[in-house]
Amino acid sequence: MPGAISPALAQAAGAAPALLDVSLRINGTEHRLSLDPRTTLLDALREHLHLTGSKKGCGLGQCGACTVLMDGMRVKACLSLAALAQGREIKTIEGLAQGDELHPLQASFIERDAFQCGYCTSGQIMAGVACISEGHAGSPQDIREWMSGNLCRCGAYDHIVAAIQDAAAVSSSTQGG
Amino acid sequence: MTAALIGKSVSRVDGRLKVTGAATYAAEFEVPNLAHAAVVRSIVANGRLASIDTAEAERAPGVIALVTHRNAPKLAYQPHKGLPDAAVGERLHVLQDDRVTHQGQPIALVVAETLEQAVYAAEVVRVTYRNEAAATDVAAVDPVLPTGKPAEWEIRRGEADSAFEQAEFRVDQTYVIPRENHNPIEMFATIASWEGDSLTLWDKTQWVHNVAEEIAAVFGIAAENVRVISPFVGGAFGSGLRCWPHVTLAALGARVDGRPVKLVLSRREMYYGVGYRPHTVQRVALGASRDGQLQAIRHEGHQETSTYEEFTEALLSATRFLHACPNVHTRHRIAPMHVHTPTYMRAPGEASGIYALESAMDELAVALSMDPVDLRLRNEPDRDEFKDLPFSSRSTKECYRAAAERFGWSQRTAEPRSMRDGRLLIGWGMASATYPMNYAPASALARLLPDGTAEVMSAASDMGPGTWTSMTQVAADTLGLPVERVKFTLGDTRLPRAPVHGGSMTMASVGSAVQAACRKAREDALARAGSNDLEEAMERLGQVIEATADVAPGDETKRFSMHAFGAVFVEVAVDPDLGETRVRRIVGAYGAGRVVNPKIARSQCIGGMIGGIGMALMEHSVVDPRNGRVTNANLAEYAVPVHADAPPVMDVIFVDEHDPHVNPLGVKGLGEIALVGVAPAIANAIFHATGKRVRELPITPDKLL
Amino acid sequence: MHPFVLERPCDLSAVLALGAQAGRNDAPVEYIAGGTDMVQLLQEHVRRPDRLVSLAGVLDDGIEIGPQGLRLGAAATMAEVAAHQGVVEQFPLISQALLNSASPQVRNQATMGGNLLQRTRCPYFRDVGYQACNKRAPGSGCAALDGENRWHAVLGTSDDCIAVHPSDLAVALVALDATVELRGTGGDRSVPLSELHRLPRDTPHLETVLEPGEVITAITVPANAAGLRSHYLKLRDRASFEFAAVSAAVAIETDGARIRQARVALGGVGTKPWRLPNVEQALADKNLEPGELRSAAALAAEGAQGRGHNDFKIELMQRAIVRAVEIAGARA
Ligand SMILES: Cc1cc2nc3c(=O)[nH]c(=O)nc-3n(C[C@H](O)[C@H](O)[C@H](O)COP(=O)(O)OP(=O)(O)OC[C@H]3O[C@@H](n4cnc5c(N)ncnc54)[C@H](O)[C@@H]3O)c2cc1C
Ligand code: SF4
Ligand code: FES
Ligand code: FES
């Protein structure tokens, strides 16, 4: 089926792959980028858009620091190629607060001191937001299991669970009202 | 006048920055015209570089510079030893010759336009080696005494050997802790930018001044010409104490290509580019009388180090004073290997040494059929028997009591395997903890502004324990201003010098300097304005009032032995069929002097407990004995605790302790002691649950089948 | 990461045209689905395709339960399948295996097809600093044989490779007699999952029976596997977010306290998802009683070979079977 072959195939073998025009929708804003196909979503955020709130702790899916929401679902940005994230609605930690008003989970992270160094924190919060909206924040035990993809080497787990519980209570009361 | 702020659970002043993603860590500074670097690292442990073929890499798109020992500028490498550097030996020189002494040694540096291009070009540099026999199996290396006076490494009080032989009850066992890596979630990163002979480094470090001095020495320039900026550190746990070779590489890359360069280590490189907690082997012999009086302690230990530096840590120090005993013999040795130099990792020395000592104490309690708390109480010293000095304060008894009571220890049945929950075996164990109070010279500057606010600064670091916040509290408290009116700044060599952010000494040292500077500034302002209200005084003066203060320890160390003490109690549940251990409860009680911010202090302590769970149950950098490679150099196969490993109950108790001797603030530090004692308490609880004594960490399921 | 051209074909025939060689060890072209394993392999320089063909949007992502049983589109994510009401109710073993896999984030990204075809976690395979790995570089040797092999297999090993197949899902599916539907340029075919993965023998680089370029389009599970009492037990060093040291997938039909029929498969111990017909036969007609279960489970060790650090798995996997059967048996 040679007719189905995409134009890229025409490129001479061995030549440097062309940059791709990629359009990423992040926190409600469209960003047009010219990217090396190898660029991960995380590196596009950090190195190209200077949205450094999403952190890199491994680049291999093993720590959770890069967690962002894609079409409302939590994913690891380091395991996504940026070009394949085109057309998706991406939300990062920078897009969570409403202006000056922190998201309830951000506020409860401060209140509960749910971090030390703060480096895993963006990922914990984004994962926590999803954990609550998925309905997996019903008990501390549930939260622990459903947050286990986010390592905290400072060991703030106990406080993170408390912060998620607090925010879950807020969101269920606001949803009720 | 505001109410006292020291002792208040103030929320972190940098909290908002951290929860919004706005805190900038080393790799995140926007520097124009930035190029990216990547490192080629050796895949042999010992030998010489036979050939380096850079042709393909140089042709790769985007490559700006490719540096190897063949074309690297000769670096000055003037002598410099910072406090965290090994006392004996010479630091690794990068790209200066063809010698390879360990796996992962940098052998080439690529600078390219983009991260992807740099990493790829590094991947296609082809290197061949002339291999030489390497010592990479720690079990096969004969330990030796470190360089220096043997009396420093072999310390005797009384006659331990004969006392041990004569003791009615004896324990003599060997305990092994494998290599562990700090694995902070932020990977090491440096951005280097030259302007003429001046260098700016945005770096992940626990000590900006040391980085400036080290890099100045490496490049042969004045330390004043190196500015180091490091406002946020994404965890370090000791790995950021030293200035590691990648900082030199970043600066070298920037020098060669003339543009600012960013170098971020990969997670795999984190196992080669920075140090680690060394593998230790310890033999502990305890002799006691029937009533549980210790009569002899012999504690020997050795640890891996590199061939080019002798790294040693305080492995056996606590053994000399933690428990009362007339006859003590400690001997510390090293096993030089073809590995890179280890370094301090959270509670260096104490965490490892006390694991062995407190495990042996538990074994002795079993031999004596005595409650382990009781055994410790019977051997409670009334002074430091090693230094022959009184303790400035020592709250071990209060810690045992408070933690035991909270834990419900009196309900424990002594017999192993006697407590159950369904088919699970329940075990209760405990251990003591201690960590020295460190206090080093520090400086701070306080600046009072006419609008009634204050700026306070010191080149300290905050890798997580809350320096930003606690210093703001101390300053606000001293000045009598609300926290919101005080802006504290740290992490920049332009600020007054602070000591290394390690050894749990920041609160004591920087805190005392901040307090002194603020006191001076306040007194000056009040005196000049003839007022006793600071805000009124500042308004009246209408000018900036500045004061700096330098603090340094006096002769307290000659008069007192100064340490924090603690006790850790743990409940585990072990599945006897499947070997799985879960920690259900941890109660830790600490006598650590004044607690500046209980909320943040609790975070430090639960963090230490989680670290201890990792150490006890899962952490292990698996070093291939055949070639020194770290087999599991990632975060999937190197297991650190996850959320689900956190015990449902974590209790932290600070016993009331007023210590007027340690430092002006009366603080002892918490960062390290929080980890000490956790691993032995867990190991002891596992013994109580199963009747099985595992003497090699981590206690994974296979060891309990 | 090796430079590649990224292809985003809009239909399956274009995929097949572009991907003709994909899946072969030295192929210059690779497929990428969720990317959760492929990106790791690219980052670690283990896979170096010149061309990466995205399967996004071209494969079925449906989950259907009908009279024939369960049908999972290859593009359905681990999270979607795990949470699917019908799967949870009728094929809980699958849901449990998935919920014990990876993390919520990875499960939102990863697909069924990719899960079955993820590569081994053998650390020597994934570290190009090791030269000896027959799977990565045929004929180069195997660093694991006399290396640290706590992570490695005891069943189905060869003198050339002892790498574990890491998928939890595959273990559950193989116990339930799942079939894999394939499409290649030569047309469609289906292969029992038990035959999808090959034993390493002396060709560990050939991992599956897929023809170059063939894609997985769906996984089907027969209706007779529905409604069984089952349990997926996963053992590891930490409580979550880790690959299995040992896992056991068990589904039984019982008659009171008597087992009528059992299906048993193991993970973490085999070079492929490991079904245990001999244990199943021995369990049939046995009572849910520890002694009887234990002697049946002992048959799992037939032919098992440890290499030192992984010896413990031989004992642990038997105990895992016993426990999983007990838990399954206790389910309502
Ligand atoms: C941190 C981490 C932890 C993990 N833990 C676990 C665990 O505990 N248990 C577990 O089972 N898994 C675990 N995984 C693995 C994970 O389940 C797999 O990475 C995932 O299922 C792969 O799916 P994918 O869609 O992302 O595949 P990709 O990464 O896109 O592809 C994987 C392979 O499959 C090929 N491929 C994909 N789809 C098709 C298709 N339809 N036809 C032909 N070829 C195809 C690709 O070419 C590639 O070779 C973990 C992964 C990570 C990152
Ligand atoms: S076990 Fe297989 S994958 Fe691992 S090193 Fe040996 S050949 Fe390679
Ligand atoms: S950086 Fe993405 S999971 Fe670690
Ligand atoms: S706060 Fe430091 S890693 Fe979580």
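The values are calculated or read from the model by the stated rules, or taken from the named source; none is laboratory data. Note that this is a predicted model, so its numbers are computed, not measured. In this analysis, Cβ positions are derived from the backbone assuming ideal geometry, glycine residues included, and neighbour counts consider all displayed protein chains. Calculation scope for accessible area: heavy atoms of the full protein, side chains included, ligands and nucleic acids excluded. Shrake-Rupley method; radii C 1.70, N 1.55, O 1.52, S 1.80 Å.
Could you tell me which residue out of B:381, B:244, B:665 lies farthest along the dipole of the protein assembly as shown toward its positive end? Charges go on the beta carbon: Lys and Arg +1, Asp and Glu -1, centred on the Cα centre.
The residue sitting farthest along the positive end of the dipole is B:381.
Would you tell me the mean number of C-beta atoms belonging to other protein chains that fall within 10 Å of each C-beta in B:626-633, as a whole number?
5
Positive end of the dipole of segment A:15-94, charges at C-beta (+1 Lys, Arg; -1 Asp, Glu), about the Cα centre: which of A:34, A:49, A:64 has its Cα farthest in that direction?
A:64
Give me D for chain C in µm² s⁻¹, whole number, from Stokes-Einstein with Rh from the Kirkwood sum over alpha-carbon pairs, 37 °C and 0.692 mPa s.
Once the numbers are plugged in, D ends up at 164 µm²/s.
What FRET efficiency do you get for residue C:185 and residue C:61 if R0 is 25 Å and r is their Cβ-Cβ distance, rounded to the nearest 0.05?
So, using R0 = 25 Å, E works out to roughly 0.65.
Enumerate the amide H contacts of residue B:584 below 5 Å, restricted to partners 5 or more residues apart or on another chain; note that Pro and chain-start residues carry no placed amide H.
Placed amide hydrogens put B:571, B:572, B:573 under 5 Å from residue B:584.
Along Cα→Cβ, 7 Å out, is where each label goes; now give me the distance between the ones at residue A:32 and residue B:130 in nm to one decimal.
5.8 nm
Within the set of other residues whose C-beta is less than 10 Å from the C-beta of residue C:65, count the net charge using Lys and Arg as +1 and Asp and Glu as -1.
That works out to -1.
Could you derive backbone 3J(HN,Hα) for segment B:4-21 from the dihedral phi with the Karplus parameters 6.51, -1.76 and 1.60 (θ = phi - 60°), listing whole Hz in sequence and x where the residue is Gly or Pro?
3, 9, 6, x, 8, 7, 6, 6, 4, 6, 9, x, 4, 4, 6, 7, 9, x
When the dipole is taken about the Cα centre of chain C, and only Lys, Arg (+1) and Asp, Glu (-1) are charged at their Cβ, what size is it in debye, to the nearest 20?
480 debye
Would you be so kind as to identify which of C:109, C:23, C:81 lies farthest towards the positive end of the dipole of segment C:1-135, taking Lys and Arg as +1 and Asp and Glu as -1 on Cβ and the Cα centre as origin?
C:23
Count, for each residue of A:38-46, the Cβ atoms from other chains sitting within 10 Å of its Cβ, then give me the mean as a whole number.
4
Which ³J(HN,Hα) values, rounded to whole Hz and listed in residue order, are derived for segment C:310-323 from phi using the Karplus coefficients 6.51, -1.76 and 1.60 in 6.51 cos²θ - 1.76 cosθ + 1.60 with θ = phi - 60°, glycine and proline given as x?
Whole-Hz 3J(HN,Hα) from phi for segment C:310-323: 9, 3, 4, 5, 5, 6, 5, 5, 5, 5, 5, 4, 4, 5.
I need to check one value: relative contact order of segment A:36-90, counting alpha carbon pairs closer than 8 Å and at least 6 residues apart, in percent.
About 40 percent, as a whole number.
Over 10 Å intervals from 0, what percent of Cα-Cα pairs in segment C:228-330 sits in each interval?
17, 52, 26, 5, 0
Under a cut-off of 28 Å between alpha-carbon atoms, report the lysines in cross-link reach of residue B:81, not counting same-chain residues fewer than 8 places apart.
Filter leaves B:149, B:204, B:262, B:387, B:558, B:668.
Ignoring ligands, DNA and RNA, what accessible area per residue does segment B:139-209 give at 1.4 Å, in Å²?
With all protein chains present, segment B:139-209 gives 42 Å² per residue.
Over chain B, what relative contact order in percent results from Cα pairs under 8 Å that are six or more residues apart?
17 percent
Once fully extended, how much extra length lies between residue B:33 and residue B:696, figured as 0.36 nm per residue of separation less the alpha-carbon to alpha-carbon distance?
Stretched fully, the residue B:33-residue B:696 segment lengthens by 233.6 nm.
Can you give me the Cα centroid spacing of segment B:123-153 and segment B:194-216 in angstrom?
So the separation of the two Cα centres works out to 30 Å.
Take peptide C:110-122, look around each residue's Cβ out to 10 angstrom, count Cβ atoms belonging to other protein chains, and average those counts.
Partner-chain Cβ atoms within 10 Å, mean over residues of C:110-122: 1.
Restricting to DSSP loop positions (anything but H, G, I, E, B) with no more than 14 other Cβ atoms inside 10 Å of their own Cβ, which trypsin sites (Lys or Arg not before Pro) remain in segment B:390-431?
Those that pass, being in a loop and sparsely packed, are B:423.
Ranked highest first by the average count of other Cβ atoms within 10 Å around their residues, in what order do C:201-210, B:455-464, B:138-147 fall?
In decreasing order of mean packing, C:201-210, B:455-464, B:138-147 become B:455-464, C:201-210, B:138-147.
Mind giving me the nanometre distance, one decimal, between the label points for residue A:134 and residue C:203, set 7 Å out from Cα along Cα→Cβ?
In this crude spin-label approximation the distance works out to 4.0 nm.
What does the net charge come to around residue B:386 if you take all other residues with beta carbon closer than 11 Å to its beta carbon, with K and R at +1 and D and E at -1?
Once positives and negatives cancel, what remains is +2.
Can you give the extra length, in nm with one decimal, that the chain gains between residue B:81 and residue B:550 once fully stretched, where that is 0.36 nm per residue apart less the Cα-Cα distance?
166.6 nm
Among DSSP beta bridges lying fully in the protein assembly as shown, give the percent that are antiparallel, nearest 5.
Of those bridges, close to 80 percent are antiparallel.
Hey, what did chain A get for relative contact order, percent, Cα under 8 Å, at least 6 apart?
Relative contact order for chain A comes out at 20 percent.
For q = 0.21 Å⁻¹, what log10 I(q)/I(0) does segment B:329-478 give under the Debye formula with an equal point scatterer on each alpha carbon and no solvent?
-1.39
In whole Å, what is the distance between the alpha-carbon centres of segment B:252-278 and segment C:190-237?
Answer, in whole Å: 42.
Nearest 500 deg cm²/dmol is fine: what mean residue ellipticity at 222 nm does chain C get from its DSSP H runs of n ≥ 4 alone, each adding -39,500 (n - 2.57), divided by its residue count?
Theoretical 222 nm ellipticity from helices: -7000 deg cm²/dmol.
How far apart, in nanometres, would the label points at residue B:176 and residue B:145 be if each is projected 7 angstrom from Cα along the Cα-to-Cβ direction?
About 2.7 nm separates the two model spin labels.
If R₀ is 56 angstrom, what is the calculated FRET efficiency for the pair residue B:519 and residue B:383, using the beta carbon separation as r and rounding to 0.05?
0.95
Using +1 on the beta carbon of Lys and Arg, -1 on that of Asp and Glu, and nothing else charged, what's the dipole of the protein assembly as shown about the Cα centre, debye to 20?
My answer is approximately 600 debye.
With runs of 4+ DSSP H residues as the only contributors, calculate the mean residue ellipticity of chain B at 222 nm using -39,500 (n - 2.57) per run, divided by the residue total and rounded to the nearest 500.
The per-residue figure over chain B is -7500 deg cm²/dmol.
What whole-number distance in Å separates the alpha-carbon centres of segment B:82-107 and segment C:59-97?
Here the two parts' Cα centres lie 54 Å apart.
At q = 0.04 Å⁻¹, what log₁₀ I(q)/I(0) does the protein assembly as shown have when each alpha carbon counts as one equal point scatterer in the Debye sum?
The Debye formula, applied to the Cα set alone, gives -0.21.
Work through the residues other than residue C:28 whose Cβ is under 15 Å from its Cβ and net out their charges, Lys, Arg +1 and Asp, Glu -1.
0
Please state, rounded to one decimal and in Å, the Kirkwood hydrodynamic radius that chain B gives when every pair of distinct Cα atoms enters the mean of 1/r.
It works out to 26.5 Å.
Please report, to one decimal in angstroms, the Kirkwood hydrodynamic radius of segment B:1-147 built from all distinct Cα-Cα pairs.
Over segment B:1-147, the inverse of the mean reciprocal pair distance is 19.4 Å.
Express as a percent, rounded to the nearest 5, the fraction of DSSP beta bridges in chain B (both residues included) that run antiparallel.
Once the DSSP bridges in chain B are tallied, antiparallel ones form about 75 percent.
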